[in-house]
Amino acid sequence: MDLKEIKEYVKKEMNLGNYLSYKLLDKRFDIGKNKITLMDVYTSQGVRLLDVRCKRPNGSKEILRKELIDYVKDESIKNHYPSNREIRNMFRVELNKLFRGGIKELYTFANVEYKLAPNQELKYKKAYLLNEVVIKTLLPQLKLKLIKSRAVNENGIDILAEDNNRNLIGIELKAYNKFEMIKSKDINQIMRFIKNERLNRVLFITTTSKILKNIKIQDNIELIDYNNLKVLCKDIESINILEYIRNSSVNKETGYRKKKRELIIEYAKEKVKNGEDINYKCISKDLHLDYLTYFSNIKEIYKESNLEIPLRKIKGKRSSYPDREEMELIINKILHYLVQEVNNGHYPSNQDIRKKFGISHIWNLISMTELYKRIGIKPYLKRKPRWWLC
């Protein structure tokens, strides 16, 4: 098959939303043997490499740089200034690999002034202030020697330090307001830093005191939350800065949080209406949002959306942290069903209830014995056999 036929096939697939990788094309058309590159296929189709949703051709760095510069120019004319995260989520690119100076260098090449949204400005300010407090006040208290402090938009752990035994200590900072929670993603991020930067241990310093339930903090991570932080920072200036960070909310200042919550709620309603599931992956992929920033868990989204929580998302009595309120709602529905059936002379079995309510394991909620006891009827094995009634 020649290049023209391959291009026609690729064009047809692109119209269906499919971007074929080199591996797939080579498997189907043996393009490697014919010395046809992915660049040959895609650049002739009139599409931006930024829009290609598979592994991009080798040697496409300069093309991607030019396309990003043009994109920023075009968006700035519309008074829109894309952020690092927005560009990363939209085009699946790491700016630091294309522009050494990251987002600022991109805007410089585009000859556009990088204007942070008000919420981003506040976020950077809070991060900077916490960094200053830690370096000036905390490091001397903890007898740590500063090695490196990274800028807010730099990759990697925020501060690198050394203790008296020359152990490499990482310090991760989260300038959260008092209502924000420490989440699993924070701990997972730190674990990646420990591995990638070969850290002996990490001090996780934050201005919140709230921790999401069920989070496990590993032994090589020491959490210093606000309660501990205010004890260590004894000077008035540092305390005032910490209070400012805690009481200044990016979301509160801009109405951003409320809008994003409403967006997630409307999205959830639409998904359920179409018979689809709501989960972390779909919200992250479709809305580019981390739902834990706006809701404590998936069940809260269902509640706020006035939607019934699916049984599979409810933790039963065998869980370490069972959802007791949700369990009781289901049990009450089952009890109502039992009463109706018993009044009609039918005594539902475990299988009947499983079929009726779609419950895979009824004993994860309640035993059949307990169910019948609640409606004042003896369990099956204790009832008189039918021949006795004859």
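Just so it is clear, none of the values below were taken in a lab; they were calculated from the coordinates. It should be emphasised that the depicted structure is a prediction, and the values quoted were computed from it without experimental measurement. Positions of Cβ are backbone-derived with ideal geometry, glycine not excepted, and every protein chain shown enters the neighbour counts.
Can you pull out the GluC sites (Glu not before Pro) in the range 118-157 that DSSP calls coil and that have at most 13 other Cβ atoms within 10 Å?
Glu154
Report the local net charge at Glu326: Lys and Arg +1, Asp and Glu -1, summed over other residues whose C-beta lies under 12 Å from its C-beta.
Its environment carries a net charge of +3.
Taking amide hydrogens as modeled 1.01 Å from N in the peptide plane, which residues meet the under 5 Å criterion relative to Ile224, leaving out close sequence neighbours?
Here the answer is Phe204, Ile205, Thr206, since their amide H atoms fall under 5 Å of that of Ile224.
Would you mind ranking Cys233, Cys282 so that the residue whose beta carbon has the fewest other beta carbons within 10 Å leads the list?
Cys282, Cys233
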